[in-house]
Amino acid sequence: MRLISCTVVLGAAAVTLVGSPAAQAQTPAPPGATAYFINLKDRETVTSPFKVQFGLTGMGVAPAGVEKEKTGHHHLLIDTKLSDEEAKAPLPMDAQHMHFGGGQTETTLTLPPGQHTLQLVLGDWSHIPFSPPIVSPVITIRVRQQSAAAQRASAPAPAGMQHH
């Protein structure tokens, strides 16, 4: 019974914090802090899946929930841009707003063939962008379809055809 009451109290505290005006305050950005893509350039062509490495200067990376001065965590925006409203509140978590709240500095993306935009946004301990926002330039990449031979090579072997 004690564990249940703790969970309820923690849940209520989290709701209270998220709803309070103090929790919505933006963290000031350190001067000169910048986010950037390490391994991708604007107008680059890649084959899906592909690695995306996140760069950051002038700050450190810390997991979400860790309130430490001059640190934040990455969010990757895919085929969308940071709106004025999103810049002042916790970022949504959906297919266009990937969260890396564990402090990750890279990921592997699988996107359909075609043109896509990517942008990094640094969030504070509570997923709120800094003020002013620390964002990478928006880059456009072209994802090409994997060749049929490469798809077969990466597909698992049919049952009964596996080597032991």
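No value in this document is a laboratory result; all are computed from the given coordinates. Predicted model, so just to flag it, every value in this text is computed and none were measured. Glycine also receives a Cβ, built like all others from the backbone with ideal geometry; neighbour counts cover every protein chain displayed.
Points worth noting:
- 12 Å Cα-Cα reach of LYS68 towards aspartates and glutamates, excluding residues that sit fewer than 8 places from it in its own chain: ASP124
- Lysines whose Cα lies under 22 Å from that of LYS51, excluding same-chain neighbours fewer than 8 positions away: LYS41, LYS81
- Under the Debye formula (equal points on every Cα, no solvent term), log10 I(q)/I(0) of the stretch 37-143 at q = 0.09, 0.16, 0.17 Å⁻¹: -0.21, -0.66, -0.74
- Where a label projected 7 Å from the Cα of GLN145 along Cα→Cβ would reach, residues of the stretch 74-106 with amide N under 16 Å: none
- The trypsin sites (Lys or Arg not before Pro) of the stretch 20-113 that DSSP puts in a loop, and whose beta carbon has at most 15 other beta carbons within 10 Å, are LYS41, ARG43, LYS68, LYS70, LYS81.
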